[in-house]
Every structure is written in structure tokens, then in C-alpha cells.
């Protein structure tokens, strides 16, 4: 049985995470060999996931850590006094 | 994300509870980022998220004796951060009912992705361009909250499915479904815009930007 594009799209996230079973993975791989749309959808989704995960996208505000620990220091001293 | 180290954490907690309070800084440091972005995702305001992050750390310290070790320390910390954020939203009267979240979750079918016939990889080096980072942040901030949290913990903080489910108080199945939809929404939103960030020809990336 050949799976269709919609079926592949429904499994893309699990496919990227390596969470589809062997039989489904084989079906998807076979489909990807001949479907340039699904290949492009998979590659672009994976690319988006990698870019979003980059530490440079979300950075803590400047001085966050220093203020965080200074406040903790004050509270710790209060709690222990 | 800093990888959790259960032995270090357990040792720290024992010593802190025995009176070495100063060690709490080292214990909580690896969680700072995750605490802040969890709260930023809920509160959508930098100053308030920062204040709530500090309050969370204080609550963690004061409740440290209640940590049972049946989940990871960071997971437990993030549940406290989430409660802190939800408490603030309730106080401000801006929290939507949970049923609304559930409804959003149920009503959505599978998303149709942005249809492309080829894809040129956008390399991580392209993030040196400020507008790319801004575009990615805007797309994530534009996701419904139930999807934004899952992307934040799974893809940005690289937590596993189980840890994410525990921190958000949802099932592992819900984590997977929401992550799938979130990624589909991000692909649909971002793929057409990312084209301009791909190198024109292999090897010439540094040359054209």
C-alpha cells in the first residue's frame, strides 16, 4: 500500500524525533524517494526545528543572571537570619 | 541547556538542607534559563518574567525539603515556575479558562504545511543576522500558548517528552500532538520567509550576506 502526502505530513514531527516504528519509517522513506514536495516539507520543518533550538535565538536579558543571584543572596540571608 | 546532573543535585540538596545555604546558587544556576523562558512564555513581559523567575527561585529554596526526587529537579523547578506564572495571570485576570485551551487542542485538525518543491538549507551561521533571530522569536511568540510552551521545553530547552509532560501537567501523548502541530505551524509561517536566508550557491554564504 502506498501512503499519500497527507499521511506523511501527519508523521513528520515523530519522524524527525525518530519516534515512528520501523514499518512506518520504511513507508515514509519510500514515499520521500519519489515525492519532492514531502522531501521539501520534511527538510524545511527539520531546518526550522534546528534554527529555533539555536541558543542565539532566545537569550536572557542583559544582567539577568547577576540580578537573579543578587536577589537570591538577599533572600537567603533573610531566611537564615 | 545545561545537562542535569542528578548526583550533583542530590548532594547539593542534602548539604543545603544541612545548613550550607550558599550552595543553592550552584544548584539553581543550570535552571535559570528554562525558568525565565517558561515564565516569559506565559507572561509575555520581560520585567514581569524576570521578577517571577526570582520569586520562583525563592519558592524553590523555601520548599527544598519537599523535593522527593521522583522527578528530575529541573522538572520540579519548572512546575513551580509554571504555578508562579499561572498565579500571576489569575491575579491579573488575564488567564483564559483551561477549558478554552482544551477546546483549542481538540478542534484543530492536522495542519497543511507550506508546500514547497525544493528546500535550500538555511545554516545556523545565518543567525548572525539579527533579523533572522527576530523572525524566529516572533513566530514562536505568535503560537497559541499550549503550543508555545511545548516548543520551548522540547525544542529550545531540549527536555525529553516525559519531563515536558510532567512540567506542564499534561500527558506524554498531548506533548507529542502539540509539538507536531507547533512545528507544522512554524514551518508554514517560516518556510516562505526563510528562503532569503539560504546561501545562493554552496560555499558562497559568507560572500553574499
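Looking only at the range A:38-59, filter to residues that are surrounded by fewer than 16 Cβ atoms within 10 Å (Cβ to Cβ) and farther than 16 Å from residue B:194 by Cβ; which one of those is nearest to the chain's Cα centre (by Cα)? Ranking the candidates gives A:55 first.
Listed residues B:28, B:35; which is closer than 15 Å to residue A:61 by Cα, at pLDDT 95 or above and buried (at least 19 other Cβ atoms within 10 Å of the Cβ)?
It is B:35.
Among all residues of the range B:199-206, there is none that is outside the structural domain of residue B:70 (by TED's automatic domain parsing) and modelled with pLDDT of 90 or more. Where helices (runs of 4 or more DSSP H) sit wholly within the range B:1-44, those with at least 3 residues that are within 20 Å of the chain's Cα centre (by Cα) occupy B:32-43.
Among helices (runs of 4 or more DSSP H) lying entirely in the range B:118-209, which contain 3 or more residues that are within 14 Å of the chain's Cα centre (by Cα)? Lay out the reasoning, then the answer.
Details: elements: B:130-141, B:145-151, B:161-168, B:172-194, B:205-208.
By residue number, B:130-141, B:145-151, B:161-168, B:172-194.
Here B:68, B:88 are screened, and the one residue that is in contact with a helix residue (DSSP H, G or I) (Cβ under 9 Å, 6 or more places away or on another chain) and surrounded by fewer than 17 Cβ atoms within 10 Å (Cβ to Cβ) is B:68.
The values are calculated or read from the model by the stated rules, or taken from the named source; none is laboratory data. Predicted model only: the values in this text are computed from it and were never measured. Positions of Cβ are generated from backbone atoms using ideal geometry, with glycine treated the same way; all protein chains shown enter the neighbour counts.
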